[in-house]
Amino acid sequence: MVDLHNYIATVKNYPEPGISFRDISPLMGDGVAYRQAINAIADFAKDLNVDLIAGPESRGFIVGSPLAYTMGIGFVPARKGGKLPRKAIQSTYELEYGGVNVLEIHEDAIQPGQRVLIVDDLLATGGTINATREIIEKLGGIVAGVAFIIELNDLNGRDKIMSSGEVPFLSLMTY
């Protein structure tokens, strides 16, 4: 087993002064570290009876797609507004550095009662994850849990997610 912390690059003052951006690109570039991270999330998910993986655009795709493949289940992308070609359900959320954004999921992507694990590379404030959760629940899906490669503790995203109802939670690393 490798220490995944060794595969995270910290970029100071990006995207704004005073911010330390946690970049997973080195982790993705190393087959052993990437596989270890995906397998750890798959191990977490195996007892949750998950039917689908959902990931918000765009880095949720980087975690969610190989995870869905590993687990032999489908992947549902939560896309930014206006990117989906068919009828979709939307949710609006506040951006970490100000402003708002929209996420959408096709209205037929999740069937009532399906259990969905939401994954992303990094948990900051929780807005993106709660928007994804809101859409899943509007479609009748059940959020079976949430999982991240990195959690930024000082931004209290976990508290925001749990304020919408307790769910199984995994973060592989915290900063």
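What follows is calculated from the coordinates using simple rules that are stated; it is not laboratory data. These numbers come from a predicted model, not from an experiment. We place every Cβ from the backbone using ideal geometry, glycine too, and count neighbours over all the protein chains shown.
Just how large is the dipole of the chain about the Cα centre, in debye to the nearest 20, putting +1 at every Lys and Arg Cβ and -1 at every Asp and Glu Cβ? Can you show the working numbers first?
Numbers: 15 positive and 21 negative charges, 78 e Å.
Magnitude of the dipole: close to 380 debye.
Shown in residue order for region 131-140 are the 3J(HN,Hα) couplings computed by the Karplus curve 6.51 cos²θ - 1.76 cosθ + 1.60 at θ = phi - 60°: 5, 4, 4, 4, 5, 4, 5, 4, 7, x Hz (x for Gly and Pro).
Which whole-number percent is the relative contact order of region 35-174 (Cα, under 8 Å, 6+ apart)? Mind showing how you got there, number by number?
Numbers: 298 pairs, mean separation 33.2, N = 140.
Relative contact order, region 35-174: 24 percent.
Modelled this way, with points 7 Å down the Cα-to-C-beta line, the labels at SER25 and VAL100 are 3.3 nm from one another.
Qualifying chymotrypsin sites (Phe, Trp or Tyr not before Pro) in region 1-110, where qualification requires a DSSP coil assignment and no more than 11 other C-beta atoms within 10 Å, comprise TYR97.
When the dipole is taken about the Cα centre of region 62-162, and only Lys, Arg (+1) and Asp, Glu (-1) are charged at their Cβ, what size is it in debye, to the nearest 20?
Values: 10 positive and 12 negative charges, 77 e Å.
For this selection, approximately 380 debye.
Taking amide H as placed 1.01 Å from N in the peptide plane, ALA54 has its amide H under 5 Å from the amide H of VAL76, LEU117, ILE118, VAL119, each at least 5 places away in sequence or on another chain.
For a footprinting-style exposure proxy, rank LEU103, LEU52, LEU170 by other Cβ within 10 Å, fewest first.
Values: LEU103 27, LEU52 22, LEU170 17.
Placing the least packed residue first, the sequence is LEU170, LEU52, LEU103.
Taking label positions 7 Å along the Cα-Cβ direction at both TYR14 and THR70, the computed distance is 2.5 nm, reported to one decimal. Rounded to the nearest 500, the helix-only mean residue ellipticity at 222 nm of the chain stands at -8500 deg cm²/dmol, with each DSSP H run of n ≥ 4 adding -39,500 (n - 2.57). Maximal additional length on extending the ASP43-MET1 stretch stands at 13.7 nm, based on 0.36 nm per residue less the C-alpha distance.
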